Amino acid sequence: MLIYSDADEVGSESRPKRRDKSPNNMRIIADLQIHSKYSRACSQDLNPGNVGIWANKKGIQVIGTGDFTHPKWLAELKEALEEAKPGLYQLKDRSAKAYFMLTSEVSSIYKQGDKVRRIHNMIFAPNFAAVDKIIVGLEQRGCNLKADGRPIIGLHCDELVKIVLDADPRNVIIPAHAWTPHFGLFGSLSGFDSVEEAFGDQAKHIFAIETGLSSDPKMNWQISGLDQYSLVSNSDAHSLRKIGREANVFEIPEDKLSYDEIVRVIKDKNPKEFLYTIEFFPEEGKYHLDGHADCKFSCLPKETKRLKGICPVCGKKLLVGVLNRISELADRPFLISSSSGALPFKSVIPLEEIIADTYGTGVGKKVLVTYEQMVGKYPEFDILLDLSKAEIATIADPIIAESVIRVREGKVHVEGGYDGLFGKIHIYSDEERRKFAKKAEQTSLF
């Protein structure tokens, strides 16, 4: 697998120098799409204070609030946050250094053409006044915003854009996890074939697409129609520990950091300012391959075509995943370089998962204790992106250091996820694990 990343070691300083940061600028890691405790199937621990603390633990400088359309969550945000930089907020008690950006996600379900469409879109806003106006506009159209943090509304995508931009022209709409089969802009079940088909005359206001966990930028580069859009990545976290599993990396002078500057950097996609995105290995995403979870069957697009889309186990239709859907719309080869103006990316595996796979266990007590010890010394992204193998070995078992470097270099195998099941990570071969087990008997390493 070709991974666009810098795997060089960083030297022996006690705090590593970040090679993607100039002396006068600040590396900003931004995760702009999460949820609150008011969204369905989300952790009750997702409150402003905890989100700020975990953003710091992960090494995230700017975190989305998520769910600002929900009245109870909005009230909590207004109570907990105050503006610290133009359009960016911090906790009033300063228990965390991370900045918050006002963001939300809505689920549009409506009939267009011969399909029922189910499309998720992210909304960014520069201040609470703009949020209040968005809420008024949605409620005037009969939208129920109280039932869920990610509300279900009956508005077409173009209607949503009009309401959001009428509230404040600085507001932003970005299609969320664009390839997800059930709720993506291009999803196989209810999506569209182009931005223009979905947004009509409002497509001119769309300048970015969120790629989602089951695709990475290189997969999206196969579609020339997406060249005009910035490809952004966010965690869509439903719990604190999932924050930062995908993110965006900007280089912005400290004195210029603001909502407007972040939006401009995303829109301009200048690689000197929008440095790269941090990505899941797309195989790990739970909709990467085609398949049928009930039958524990998955396959590549070529096999789906041979099977005529039917599960060989039960005879029902297979869920067409992201890899297949992208191949349907692709108009150029998969293996292209990023020299055409596309931004680079780095594929990572969350640190907890790296530790768990290293130890050959689930994410249990030992993994959590090890994780907390490591991030007590350095933020997670410093460990995943910056520290040398030797430096990591000073805060964890040497084998964990080896694991982090292997992931950084793309030397991993991932069994593809499908039909709602996440893929499985393998950093080491079975033979290597047998050697580890033998060594463990001698040294109690594990």
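Packing around the peptides 344-355, 88-99, taken as the average count of other Cβ atoms within 10 Å per residue, puts them in this order, highest first: 344-355, 88-99. Translational diffusion coefficient, Stokes-Einstein: compute it for segment 25-283 using the Kirkwood radius over C-alpha pairs as Rh, at 10 °C and 1.306 mPa s, and state it as an integer in µm² s⁻¹. The Stokes-Einstein estimate is 88 µm²/s. For segment 103-188, the Kirkwood radius over C-alpha pairs fed into Stokes-Einstein at 25 °C and 0.890 mPa s yields D = 189 µm² per second.
Provide MET26, MET122 in ascending order of the number of other Cβ atoms located within 10 Å of each residue's Cβ, fewest first.
Details: MET26 16, MET122 23.
With the sparsest Cβ surroundings first, the list reads MET26, MET122.
Rounded to whole Å, give me the distance from the Cα center of segment 91-146 to that of segment 219-253. Each part's Cα centre sits 18 Å from the other's.
Dipole check for the chain: with +1 at the C-beta of Lys and Arg, -1 at the C-beta of Asp and Glu, and the Cα centre as origin, the magnitude is about 740 Debye.
Quote to one decimal, in nm, the extra length available between LYS389 and LYS204 on full extension: 0.36 nm per residue of separation minus the C-alpha distance between them. If you can, show how the numbers build up before the last one.
Numbers: separation 185, 0.36 × 185 = 66.60 nm, distance 4.60 nm.
My answer for the length gained is 62.0 nm.
For LYS78, LYS317, what ranking results if the residue with the fewest other Cβ atoms within 10 Å of its Cβ goes first?
Values: LYS78 14, LYS317 11.
Listed from fewest to most nearby Cβ atoms, that is LYS317, LYS78.
Per q in 0.19 Å⁻¹, report the Debye log10 I(q)/I(0) for segment 140-226, using one uniform scatterer on each alpha carbon and no solvent. The Debye formula, applied to the Cα set alone, gives -0.97.
Counting helices only, and only those DSSP H runs with n ≥ 4, report the 222 nm mean residue ellipticity of the chain as the sum of -39,500 (n - 2.57) divided by its residues, in deg cm²/dmol to the nearest 500. Before the final figure, lay out the partial values.
Values: 14 runs with 128 residues, N = 446.
Taking each H run of at least 4 residues, the total per residue is -8000 deg cm²/dmol.
Under a Gaussian network description of the chain, with springs only between Cα atoms under 10 Å, the residue in GLY113, GLY420, GLY315 that fluctuates furthest is GLY113. Convex hull of alpha carbon positions in the chain: directionally averaged projected area 21.9 nm².
Kindly flag which residue pairs out of LYS302/LYS346; LYS57/LYS366; LYS72/LYS133; LYS218/LYS316; LYS72/LYS92; LYS115/LYS267 have an alpha-carbon separation exceeding 21 Å in this structure. Please list the in-between numbers first.
Details: LYS302/LYS346 28 Å; LYS57/LYS366 18 Å; LYS72/LYS133 16 Å; LYS218/LYS316 31 Å; LYS72/LYS92 18 Å; LYS115/LYS267 31 Å.
Too far apart for the 21 Å limit: LYS302/LYS346; LYS218/LYS316; LYS115/LYS267.
Where a number appears in this text, it was derived from the coordinates with a stated rule and is not lab data. These numbers were taken from a predicted model, which means no experiment stands behind them. Glycine gets a Cβ as well: all are built from the backbone with ideal geometry, and neighbour counts include every protein chain shown.
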